[in-house]
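*Asks:* Before I ask anything, here is the structure I am working with.
The values are calculated or read from the model by the stated rules, or taken from the named source; none is laboratory data. Because the structure is predicted, anything quoted here is derived from the model rather than measured. So basically every Cβ, Gly included, is an ideal-geometry build from the backbone, and we count neighbours across all protein chains shown.
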């Protein structure tokens, strides 16, 4: 397998941890360029889940017998792994959810409803994923608050001057995406959060597209809440994280009610459990938590600095090659970008591009990417998106570039 000879990153060793990458798709070697949608899973994650089911599975928190104790210990250890990874202060600040979408909805419900009133304002950005728009829209309908957004320019960079103008004493929540899933833009979140703190606003970071690429330190960023999905960082689907500062979580009512989130129940009243249990009603996704813990330990063993440097080299190489094709227009050209490229190919519909790529064994994403306002900004309905991870290679990009050329030839 060829790779950049000047890069010391051992991508061949990493690829050996992902057996699926040696599979074929449509009788062609798989070139997987859709990691922004969901990452592949290393054998270490898969084995952590199979070890649970083959070796010690039992429901957690409720059993005095050995297997239940082991399962509980593994589940809670995953919480500690996440806490360390994002540099939270306390294990209790880590809440397991079904994903970033549920995490954001939880905050809108349990923090937003009790604390917002008519005339208050919530600020997001124009490039948000729908999951960080719709919950706030619904909250605004219920409370009379107003949803505002920070616009971006045609390079895909936020216009901070406009943000500075809109921040006021009316601003109660600032909830922004760290890295755009459709443009790749890395947003200046520390500046945005510092500005929000000047007016006493609560801040939430959607780290779904950053948690696997760059260091995310909740104390350094001074964010009050953070959300991400496990399947974006080489973990299972159906598991996610909500981080919240301890004093905020302690004052919030539960999002869901039921078993394992109570201290006591009678027909007269119910006493809710302390955090994090208060927000983890019912039987939890035990395998998901354990798999996510294994995924984060795997990423940590490689090193985020090394990952970021390698992925940036892939992005630079891909940018160079794709810009040599005159029929291509890249959507999103921010100075600070993560390893993805969204593009248009003359008047060829992105779905047609993706369909032809599929026949060549190349997996790319086409559509709005759940960012319809972003598409509207550019006056388009969809793009083709190629997103790279640390298991991709220069060879993958070369095949991808040849695939673009074949699409062009098909429509000539």
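*Asks:* Can you name every one of the strands (runs of 3 or more DSSP E) wholly within segment 236-294 that holds 2 or more residues which are in the same structural domain as residue 98 (by TED's automatic domain parsing) and surrounded by fewer than 24 Cβ atoms within 10 Å (Cβ to Cβ)?
*Replies:* Details: elements: 240-244, 262-265, 270-272.
Of the strands (runs of 3 or more DSSP E) lying wholly inside segment 236-294, those with at least 2 residues that are in the same structural domain as residue 98 (by TED's automatic domain parsing) and surrounded by fewer than 24 Cβ atoms within 10 Å (Cβ to Cβ) span 262-265, 270-272.
*Asks:* Can you tell me which condition residue 69 does not meet? The list is (1) without any contact (Cβ under 8 Å) to a residue 40 or more places away in the chain; (2) surrounded by fewer than 13 Cβ atoms within 10 Å (Cβ to Cβ); (3) over 30 Å from residue 135 (Cα atoms), and all the others hold.
*Replies:* For residue 69, the failing item is (2).
*Asks:* Taking segment 57-70 as the search range and keeping residues that are under 17 Å from residue 282 (Cα atoms) and in contact with a helix residue (DSSP H, G or I) (Cβ under 6 Å, 6 or more places away or on another chain), which one is modelled with the lowest pLDDT?
*Replies:* 61
*Asks:* Additional query: Determine which single condition residue 319 fails, assuming it passes every other condition in (1) more than 27 Å from residue 43 (Cα to Cα); (2) in contact with a helix residue (DSSP H, G or I) (Cβ under 6 Å, 6 or more places away or on another chain); (3) part of a helix (DSSP H, G or I).
*Replies:* (2)
*Asks:* For segment 21-33, give me each residue that is surrounded by 15 or more Cβ atoms within 10 Å (Cβ to Cβ) and within 18 Å of residue 43 (Cα to Cα).
*Replies:* Matches in segment 21-33: 21, 30, 32.
*Asks:* Something else about it: If you check residue 154 against the conditions, is it in contact (Cβ under 8 Å) with a residue 12 or more places away in the chain, within 27 Å of residue 329 (Cα to Cα), surrounded by fewer than 24 Cβ atoms within 10 Å (Cβ to Cβ) and assigned by TED's automatic domain parsing to the domain that holds residue 238? Walk me through it before giving the result.
*Replies:* Working: in contact (Cβ under 8 Å) with a residue 12 or more places away in the chain: yes; within 27 Å of residue 329 (Cα to Cα): yes; surrounded by fewer than 24 Cβ atoms within 10 Å (Cβ to Cβ): yes; assigned by TED's automatic domain parsing to the domain that holds residue 238: yes.
Taking the combined requirement at face value, the residue satisfies it.
*Asks:* Which of the residues belonging to segment 378-398 are crowded, with 18+ Cβ neighbours inside 10 Å and in a helix (DSSP H, G or I)?
*Replies:* Correct list: 394, 396, 397.
*Asks:* Within segment 181-200, can you find the residues that are out of contact with any helix residue (DSSP H, G or I) (no Cβ under 8 Å at 6 or more places or on another chain) and on the phi < 0 side of the Ramachandran plot?
*Replies:* Hits for segment 181-200 are 181, 185, 186, 187, 194, 196, 197, 198, 199.
*Asks:* Give the residue, chosen from 331, 275, 286, 302, that is under 30 Å from residue 158 (Cα atoms) and touching a residue at least 40 places away in the same chain (Cβ under 8 Å). Please lay out each step first, then the result.
*Replies:* On the way: 275 fails: under 30 Å from residue 158 (Cα atoms); 286 fails: under 30 Å from residue 158 (Cα atoms); 302 fails: under 30 Å from residue 158 (Cα atoms).
When all the criteria are applied, what remains is 331.
*Asks:* Report whether or not residue 163 is outside the structural domain of residue 342 (by TED's automatic domain parsing), free of Cβ contacts under 8 Å to residues at least 60 places away in the same chain, in a helix (DSSP H, G or I) and touching a helix residue (DSSP H, G or I) at 6+ places or on another chain (Cβ under 8 Å).
*Replies:* Working: outside the structural domain of residue 342 (by TED's automatic domain parsing): yes; free of Cβ contacts under 8 Å to residues at least 60 places away in the same chain: yes; in a helix (DSSP H, G or I): yes; touching a helix residue (DSSP H, G or I) at 6+ places or on another chain (Cβ under 8 Å): yes.
Taking the combined requirement at face value, the residue satisfies it.
*Asks:* Taking segment 123-160 on its own, how many of its residues are in a loop (DSSP other than H, G, I, E, B) and touching a strand residue (DSSP E or B) at 6+ places or on another chain (Cβ under 9 Å)?
*Replies:* First, the residues of segment 123-160 that are in a loop (DSSP other than H, G, I, E, B): 126-129, 133, 144-145, 151, 153-157, 159.
From what is left, the residues that are touching a strand residue (DSSP E or B) at 6+ places or on another chain (Cβ under 9 Å) are 126-129, 133, 145, 151, 155-157, 159.
Residues in segment 123-160 being in a loop (DSSP other than H, G, I, E, B) and touching a strand residue (DSSP E or B) at 6+ places or on another chain (Cβ under 9 Å): 11 in total.
*Asks:* Looking at (1) over 19 Å from the mean Cα position of the chain (by Cα); (2) in a helix (DSSP H, G or I), which is the only condition residue 117 fails?
*Replies:* For residue 117, the exception is condition (2).
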